[in-house]
Structure formats: structure tokens, C-alpha cells
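Below is one structure, written out as C-alpha cells; the observations come after it.
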Amino acid sequence: MLRIVQQSHANAAKGYYAQSDYYVDGAELPGAWGGRGAALLGLSGEVQREDFHALCDNHDPRSGRQLTARTKSERTVLYDWSFDVPKAVSLLYELGGDERILDVFRGAVQDTMNEIEPETQTRVRKGGAAEDRTTGNMAWAMFVHRTSRPSKEDLKPDPQLHAHVTVFNATWDRDEGRWKATQHRDLKRDAPYWQEAFHARLAAGLGDLGYGIERRGKDWSIAGISPTLEKKFSRRRTEIDALAEKLGMTDPAQRATLGATSRLNKVDDGIESLRSYWRGRLDGKEQAELDGVRKAAEGGLAPSRAVSVEDAVRYSMAHHFERDAVVPEKRLLAEALRYGIGVVRPEGLRAEAERQGALTTTLDGQRVTTSRAVLAEEQKLLSFARDGRGTCVPIAANHRLRRDWLSAEQQGAVRHVLGSSDRVVLARGVAGAGKTTLIQEAVEEIRAAGLPVAVLAPTALAARDVLREHFAESDTVAAFLTDEKAQARMRGGVIWVDEAGLLGVHDLAQVFEVAREQDARVVLMGDTRQHRSVARGPALSLLESHAGLPVAEVKDIRRQKAAYKQAVEHLAAGRTEDGFAALDVLGWVREAGEDRNATIATDYMVATGGGQTALVVAPTHKEGEAVTAAIRERRKAAGQLGEERAFNRLVPLNLTEAERADRHAYRGGEVLQFVRGAKGHVAGSRLAVTEPEAVPVSLAGRFQAYRRAELKVAVGDVIRLTAGGKASDGSRLSNGTTFTVTGFTATGDLQLDTGKILPAGFGHLAHGYASTSHASQGRTVDRVLIAQPADTFVASTREQFYVSVSRARRLATIYTDDKNALREAVQRAECRVSATDLIAFRGPKQLNRRVTFLQRLASLARARQFEAELAHARDERTGRGG
């Protein structure tokens with residue numbers, strides 16, 4: 001594990017050297033200087049107290065002069081990079097007696113820091129500039145420690161090999177010829193990669209010593225060391241987890257803070273005394289376990305992992321490019337390192353990714369990657385749309401409207417579709433603009449012209465609930481793509497996709513292929529300012545930007561009125577700050593403290609009690625569940641909920657196909673449900689995972705994975721289906737549909753307000769009071785209550801806020817604990833770049849090669865300049881010494 005903690009107090013920073021916090025005699029090793037910056041300061045070898053303290057006080061250890069320009073009490077002194085090893089490694093070092101492990105650990109930390117250092121940056125503000133410059137040097141002191149913090153159980157620590165690398169907030173800026181503060185933002189952003197790079201080096205080094213490495217989900221350990229033994233010597237972690245659960249903390253960063261704030265004082269035991277104590281806690285079987293693993297390693301008998309660099313990169317690319325066209329390069333590499341743990345090292349990964357078709361460039365200061373396969377699919381999509389321009393006879397160029405009351409924009413969109421000679425037709429409509437009505441007008445005329453029409457949507461809620469009110473045969477895109485008869489009926493017809501902004505590139509490519517085979521046209525209608533597809537995309541934006549097709553636009557909002565309408569118009573146009581201000585003027589942005597959820601529950605009760613439809617929208621499931629609990633408590637108190645029973649719930653694990661095909665992704669206890677039939681499995685059948693080895697990974701494309709949970713449902717509860725299925729009578733139930741529970745049958749099934757019976761083992765259900773904004777897209781209610789406190793800001797975006805606010809006809813109330821911070825959070829746009837966009841940024845290939853060559857020259861020049869500066873610094877010190 002890797003944690004990066006910013007330290008802003010000089011006296012506290014000095015504690016890293018003092019060894020008086022929780023460290024014990026002999027349980028820490030002398031600190032060592034590292035980094036080119038340290039060398040420039042004349043610091044090498046063992047860390048001395050005076051030098052360390054001088055840097056903490058922002059002084060040059062040799063001259064005593066102030067180092068960087070600012071010495072303020074609240075300035076950042078250093079960044080503590082804390083590297084931890086899996087518990088099994090600590091046990092083998094301390095109780096298995098393998099002293100070689102320490103050298104491997106130190107080497108892994110040192111090599112990772114050496115990889116980090118060239119990316120060191122500083123801010124550039126001279127001459128009105130506002131940018132960051134790479135300096136490539138830092139100064140750090142590495143302290144290796146061998147114990148955890150003491151446990152509350154007996155005030156004794158457990159074995160825990162780890163290192164604190166204290167990186168000082170100073171870097172030499174060669175261009176300005178002075179020491180300046182570091183810009184740590186990008187280094188911290190890439191912490192997940194640095195963590196995996198460290199673990200990859202450590203695990204591979206241990207493999208070189210003969211130890212077997214095994215993956216355990218997203219973690220790893222030494223083969224032969226049982227989780228039970230690891231847990232026995234992880235008491236501090238167990239205590240922190242228990243406290244976090246009690247406090248409802250799930251965020252890893254919060255848990256890390258909790259560990260620091262709940263620590264106990266140091267103990268006085270020496271390391272040999274501790275080792276004796278630790279051995280006393282082992283039983284004979286556990287000691288034999290450690291000894292056996294050590295002997296197997298020495299004898300070369302430990303199992304080795306059958307995985308290659310090629311396998312690791314292939315897995316990572318399949319995993320990431322299922323849902324994203326472009327990903328940060330380090331995220332791609334980190335996943336490859338995690339998959340290939342014990343075998344794959346960071347060195348050589350980039351070359352292998354390029355060999356497998358990765359295309360990488362720098363965008364906004366970050367290296368990002370796509371693949372040739374992703375680019376090819378986008379280009380095929382664009383080619384179909386471009387080649388189809390002007391190839392069709394207009395359906396009804398002189399159409400006379402049946403609904404002459406349609407707005408000018410709606411009429412224009414209808415005429416755009418009916419009069420187009422293009423194979424692919426685009427129309428954009430904002431939320432609440434009356435898109436369904438204009439679709440009705442156009443579809444009726446298409447049918448009158450003798451052409452078949454398929455009206456589709458990406459989600460079951462939109463296809464089977466919203467559209468089916470007007471189009472009996474409407475269905476999901478996914479269902480259409482698996483129904484050959486439905487495809488054949490579109491010969492020479494029109495495939496109309498509503499909410500097309502939610503469609504991914506891969507699915508749209510399949511729709512286009514059907515259109516090509518059936519000589520059909522495709523109409524895509526959606527709003528690219530709302531949420532985009534979960535799958536790789538964004539398809540509609542790609543076509544709007546690169547296909548050269550005209551786009552009909554419907555911007556006049558009909559769902560809301562007056563000031564509310566004006567606020568939504570701002571949001572729909574991307575003017576989020578203006579939209580937020582308009583809502584605030586209405587008094588609809590409400591700041592509340594810990595009683596926030598109780599307030600939402602009260603307002604929900606008032607709305608529904610007055611006969612209005614209401615929906616709570618929250619950016620995260622966690623926040624939605626908290627509000628749901630408050631609403632259900634209030635409904636129970638009001639006597640609106642009756643008998644309550646517990647049901648098994650299946651919670652989606654949201655694994656990619658690559659993850660589902662990886663046995664290491666399973667721990668046992670998961671449930672697999674087949675969405676398509678396969679040999680030995682019919683669609684809808686389930687398989688409980690008892691052993692990961694038994695998972696039919698070759699069929700990963702045909703099933704989804706879930707975890708079990710409990711859901712308490714009472715008579716009167718509103719429930720929402722989280723996947724499609726069938727009622728007891730065999731009728732279809734759509735994903736996203738909500739029902740009210742009216743009772744339970746004698747066999748324990750749920751009776752619904754529609755008269756349907758939901759089998760007790762259905763599993764795919766949740767309470768229906770709250771929804772994420774993504775799941776709410778396409779729904780309309782009288783009042784929307786938006787729960788958006790600071791804990792949800794990480795999931796807050798411009799698109800999320802627009803979708804959330806625009807769900808209601810009458811009133812949208814936003815509940816937060818920090819209005820100003822929320823205003824900032826919702827101005828952040830969801831940034832999903834297409835491969836086509838990225839290649840446009842890359843520029844011509846020859847230019848790329850030229851830029852790369854110049855970058856290498858610059859890098860070489862910086863290295864030579866550094867060596868010259870280092871030599872000069874040494875000469876100066878020698879002169880002073882004389």
C-alpha cells in the first residue's frame with residue numbers, strides 16, 4: 001500500500017527523524033538520503049539529525065541560508081510517502097528469518113522513487129506565466145521501520161515492514177537558478193500507479209528469492225501463508241476497520257486518517273524482545289507454515305505464476321477499453337502490473353503496450369492512451385455516417401403536420417428527419433423539450449410512407465416505460481441486437497434510437513451494421529449535455545463532431561415553467577454557474593447540517609402526502625441509501641409501512657468482461673447470472689460461486705456477477721428493479737421500474753400495486769425512493785429532491801447536476817452542507833475523449849517523431865546540466881572545506 005501525507009508543521013516533520021512516535025529500539029533502521037536534489041545539497045548516506053532538521057526549517061543544511069523563497073508557518077514542509085508490504089512479507093522477514101527480504105524491500109522502494117523523481121515539477125509564475133515546469137529532482141530521506149502501531153489488546157505492535165520516504169518541498173529549478181517548492185499535484189494523482197510499480201518490484205524480487213506469489217483479488221500475498229495467520233498479526237488493521245465501520249467510514253483516505261488519529265503511544269520493547277513475544281503467539285502449525293514456505297523458497301520448490309507481460313497488457317487493455325476510449329497511461333500500466341504481480345515489472349511495459357496497439361500522447365499535461373482497435377471502430381462508425389450522406393430518397397419532403405400545435409423547433413426537427421437524404425440523421429433535444437411528441441409525429445409519417453420503424457432506447461426504463469406508452473413495439477437496443485427477426489423487419493426502414501447519448505460506440509457500430517445489412521436508415525436523438533454511456537463512447541458526440549452531418553436542435557423546454565425553466569435552460573446550455581445562481585435565487589439550494597436527511601424525509605412526506613410524485617436523486621448510492629433510511633423511518637412512524645420482511649438482494653459488482661474472465665476476481669460467495677444462454681446454462685439461470693476455480697471464465701461474455709446482500713421490505717414500501725426479469729406469471733419486468741409493495745403471498749413472494757407477483761428470489765431489487773442521476777435520466781416527477789453534501793462532490797459533475805435538476809415539473813430542491821463548494825463541484829464536466837479526438841491532438845506521425853526526438857534531446861541536455869551543477873556544488877563544498 002502507498003499513502004502520501006502532506007506535512008505542514010516543521011516540528012511534526014522533525015518527528016520522522018526523532019524516532020519517538022511509536023517506533024521501538026532496534027525496530028527502525030538508520031535513515032538514508034536519496035534523490036538528485038539531496039545530492040545537489042551535498043546530502044548522501046545516513047541521515048543526520050542536524051541536516052534533517054535544517055531542511056524542515058527550510059534552510060540549506062550546508063550554508064544555513066534559506067532554501068526556498070517562502071518560509072511561512074503554514075507552508076508545506078514535506079510529503080510523507082509511506083510504502084507498506086503485505087503482512088505475509090513482514091512475517092517471513094521477522095519470524096521466518098529471511099534477512100534477504102529487507103534488501104528486496106529497500107530496492108523496490110528505491111527503484112520506485114527513482115522512477116518518480118524525473119516527474120518532479122515546480123510552479124512557474126514569472127512574467128505572468130501560470131504553468132508547471134518539470135525539474136526532475138527531489139530530496140528525500142528514507143526511514144525503514146519494522147513494526148505496526150501498538151494494538152489496544154496488549155499495547156504491543158505486530159510485525160509490519162514499511163518505509164517512510166519524506167520528500168522535502170524543495171526542488172532545484174535550473175531555468176530560474178534557484179530552489180523552489182515542488183508541485184506535487186500530478187505525483188499524488190498518479191499514486192495508484194506508483195503503488196502498483198512498488199508492489200510489482202517487491203513481488204518480482206521476492207519471486208527471484210524463490211517465493212511463490214499469489215493474487216487475492218486486487219491484493220497479493222506469499223503462496224503458502226494463510227489469510228488466518230496474516231489476520232492474527234494484523235490487529236491494528238482490524239481495530240481501524242472496526243472503528244471505521246462503527247463511524248460509517250468507507251473512503252480509504254478517511255480510514256488512513258483514522259489510523260493516525262486513533263494511534264497509541266510507543267512501547268519500550270527492543271526488537272529481540274518483540275520477536276520473542278511474536279514467536280510466543282505462534283502455535284506449532286503456524287511456525288511450521290512459515291518454516292515450510294521459507295524452505296520451499298530456498299529449494300526452488302515454490303509455485304510460479306504462469307503469466308507474461310503480454311498477458312498482463314492484453315488484460316489491462318481489454319479491461320479499460322471496454323468502457324473508455326481514452327485512459328491515462330499510468331492507469332493502463334497499473335492494471336497490467338496488478339494482473340501480472342510476481343512476474344511483471346514496470347520496465348518494458350510501455351513497449352509491450354505499443355506493440356499491442358496502444359497509441360499514447362500528452363493531453364493537458366498528462367500522458368493518455370487509446371488503442372488502434374478502438375480507433376478503427378470509431379473510424380468505421382464515422383465512415384458509415386459519412387458515406388451515407390445524400391444516398392437516400394427523402395421520406396416525405398413536403399410533410400403536412402398532423403400536430404400543427406408543435407413548436408417551430410419541434411416542427412423543424414420533424415422536417416429535418418423526414419426530408420433528409422442521409423443514411424444517418426442526427427437530432428438534439430434538451431431535457432423536457434417534448435422529444436417524445438415529435439417522435440410520434442415523425443414515426444406516423446414514416447409508417448404512412450410504407451416504411452417499417454423500430455423505436456429503440458439504450459435503457460429499459462426509456463424503452464419499455466416511457467416510449468412504450470406511445471409505441472407498443474419499442475424496445476431496448478440490446479434486445480434489438482439479439483433479435484434477428486426484429487432486424488429483418490427493418491428492411492428498407494428506419495431504426496430510431498431515442499436517448500442516443502447513452503449509447504456506446506460498440507453498440508452503435510452494431511446498429512449501423514444492421515442498418516447496412518437491411519438497407520435501413522438510422523435516426524439518433526439525444527442530448528450530449530446529459531449523461532453519456534457507461535460503455536465506451538461517447539458515440540453521439542463523436543458523430544456530431546466528426547461525421548459532418550447536420551443536426552436539428554430542439555431547445556425550447558416544455559417540462560418546466562417560468563424561473564425554473566430559465567434555470568434549466570442555463571444548465572442545458574452548459575452555463576452551470578448561471579443555472580446554480582438562478583436556483584439559489586429561488587431559494588431552492590438549501591444548506592443544512594447533520595439533520596439534512598431528516599429534512600429531506602420531511603419534504604418527501606409533504607410532497608407525496610399532497611398527491612405529488614417525488615424522487616430523491618443523489619450522486620452516490622451511499623448517499624441515496626442514507627436518505628432512504630430516513631424516509632423509511634419517517635414512513636414507519638406515520639404508519640405508512642406495515643409488515644416487514646428480509647429478502648436476498650443481488651448487488652451488481654459491475655465487473656468488465658476481462659475481470660469476469662479472471663478467476664482472481666472472485667473470492668467465493670458471488671452469484672453469477674447468465675444473460676445469454678450457453679452450454680449447460682439457460683438465460684436467467686444462476687450459479688453460486690463456492691470456489692474461484694469453478695467459475696466458467698470462458699463464458700464471461702454471457703454472465704454478470706453479483707454479491708449477496710439483505711434488503712428489508714415492508715408492505716407499503718416503494719421498490720425499484722435493478723435488472724429485468726419475469727413476474728410469477730411469466731410477464732416481463734423492466735429494469736428501473738418502480739412498484740409499491742401491497743403485501744406478501746403465503747409462499748413469501750411480493751405482491752405489487754400492479755397486481756403482479758414478484759418472486760421472493762428475484763434478487764434484483766432495491767428501495768425506490770432514491771436514485772443516482774444516471775439511473776434517473778428519462779424519468780419525470782412533480783418534485784425532485786437532490787441530496788448532494790460534500791461527501792458526494794467526487795461524483796458531482798455538470799452533467800449530473802443538469803440531469804438531476806431537470807427531472808421535475810414543479811420544484812427542484814438541492815440539499816447540501818456546503819453551498820459554495822457545491823457550486824464549484826458541479827461546474828466540472830465529465831471529460832470523455834474519443835480516440836478520434838486524441839489522434840487529432842497527436843498530429844501527423846512525422847511531427848510526432850520530431851517532437852519525441854526533441855524531447856529526448858532536451859532530456860539529455862537536462863541530465864548533462866544536472867551533472868555539471870552537481871560537480872560545481874561539490875567543488876564549492878570542497879572549497880569551503882579548504
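Readers should treat all values here as calculations from the given coordinates under stated rules, not as data from a laboratory. The shown structure was predicted, so the numbers you read here are calculated from the model rather than taken from an experiment. With ideal geometry, Cβ positions are generated from the backbone for all residues, glycine too; neighbour counts draw on all protein chains shown.
Here are a few things to note about the model shown:
- Each peptide among 673-681, 733-741, 518-526 gets the average number of other Cβ atoms lying within 10 Å of its residues, and from highest to lowest they stand as 518-526, 733-741, 673-681.
- Cα long-axis angle, helix 329-339 against the chain (0 to 90 degrees, to the nearest 10): 80 degrees
- Burial order of peptide ranges 784-795, 688-699 (average beta-carbon count within 10 Å, highest first): 784-795, 688-699
- Residue-averaged [θ]222 nm for the chain, counting only DSSP H segments that reach four residues, each worth -39500 (n - 2.57): -12000 deg cm²/dmol
- Listed values for region 511-523 are Karplus-derived 3J(HN,Hα) couplings in whole Hz (6.51 cos²θ - 1.76 cosθ + 1.60, θ = phi - 60°), namely 4, 4, 5, 4, 4, 5, 5, 9, 6, 9, 9, 10, 10, and x replaces Gly and Pro.
- For residue 231 and residue 697, a Förster radius of 41 Å and the Cβ-Cβ distance give a FRET efficiency of 0.90, rounded to the nearest 0.05.
- Between residue 714 and residue 810, the FRET efficiency from the beta-carbon distance, with R0 = 41 Å, is close to 0.90.
- Stretching residue 598 away from residue 125 to a fully extended chain increases their span by 165.5 nm, per 0.36 nm per residue minus the current alpha-carbon distance.
- Within straight-line cross-link reach of residue 380, lysines at Cα separation under 22 Å, skipping those fewer than 8 residues along the same chain: 845
- On Cα atoms only, tilt of 252-261 relative to the major axis of the chain in degrees: 40 degrees
- Extension gain, residue 393 to residue 279: 0.36 nm times the residue separation minus the Cα-Cα distance gives 32.6 nm.
- Given charges at Cβ of Lys, Arg, Asp, Glu: the chain dipole, positive-most of 342, 820, 160: 820
- The modelled label-to-label distance for the pair residue 728/residue 178, using points 7 Å beyond Cα in the direction of Cβ, is 8.0 nm.
- Environment charge of residue 429, counting only residues whose C-beta is closer than 12 Å and scoring Lys/Arg +1, Asp/Glu -1: 0
- Here the contact order of region 3-299, divided by its residue count and restricted to Cα pairs under 8 Å and six or more residues apart, works out to 24 percent.
- Neighbourhood net charge (11 Å Cβ-Cβ; Lys/Arg +1, Asp/Glu -1) for residue 660: -3
- Between helix 576-585 and the chain: long-axis angle, C-alpha atoms, 0 to 90°, nearest 10: 70 degrees
- Whole-number percent relative contact order across the chain, with pairs defined as alpha carbons under 8 Å at least 6 apart: 10 percent
- Mean-position separation - Cα centroids, region 496-515 and region 352-374, in angstrom: 25 Å
- Each residue of region 733-747 was assigned a 3J(HN,Hα) from its phi angle through the Karplus curve 6.51 cos²θ - 1.76 cosθ + 1.60 (θ = phi - 60°); the sequence is 10, 9, 4, x, 6, 10, 9, 10, 7, 9, x, 10, 7, 4, 9 Hz, with glycine and proline shown as x.
- Peptide packing: for 411-419, 818-826, the average count of neighbouring Cβ atoms within 10 Å per residue gives the ranking 411-419, 818-826, highest mean first.
- D_trans [Stokes-Einstein, Kirkwood Rh over alpha-carbon pairs] for the chain, 10 °C, 1.306 mPa s, µm² s⁻¹: 51 µm²/s
- Checked against a 27 Å cut-off, the cross-linked pairs 156/231; 218/819; 712/819 give Cα-Cα distances beyond that limit for 218/819; 712/819.
- Taking every C-alpha pair closer than 8 Å and separated by at least 6 residues, the mean separation divided by the residue count of region 309-372 gives a relative contact order of 40 percent.
- Within the shell of other residues whose beta carbon sits under 15 angstrom from the beta carbon of residue 726, the net charge comes to +2, with Lys and Arg scored +1 and Asp and Glu -1.
- Length gained on full extension, residue 690 to residue 612, computed as 0.36 nm times the residue gap minus the Cα-Cα distance: 23.4 nm.
- Counting only DSSP beta bridges whose two residues both lie in the chain, roughly 70 percent are antiparallel.
- For region 575-646 versus region 51-110, the gap between their alpha-carbon centres in whole angstrom: 48 Å
- Between region 696-734 and region 117-148, the alpha-carbon center distance in angstrom: 50 Å
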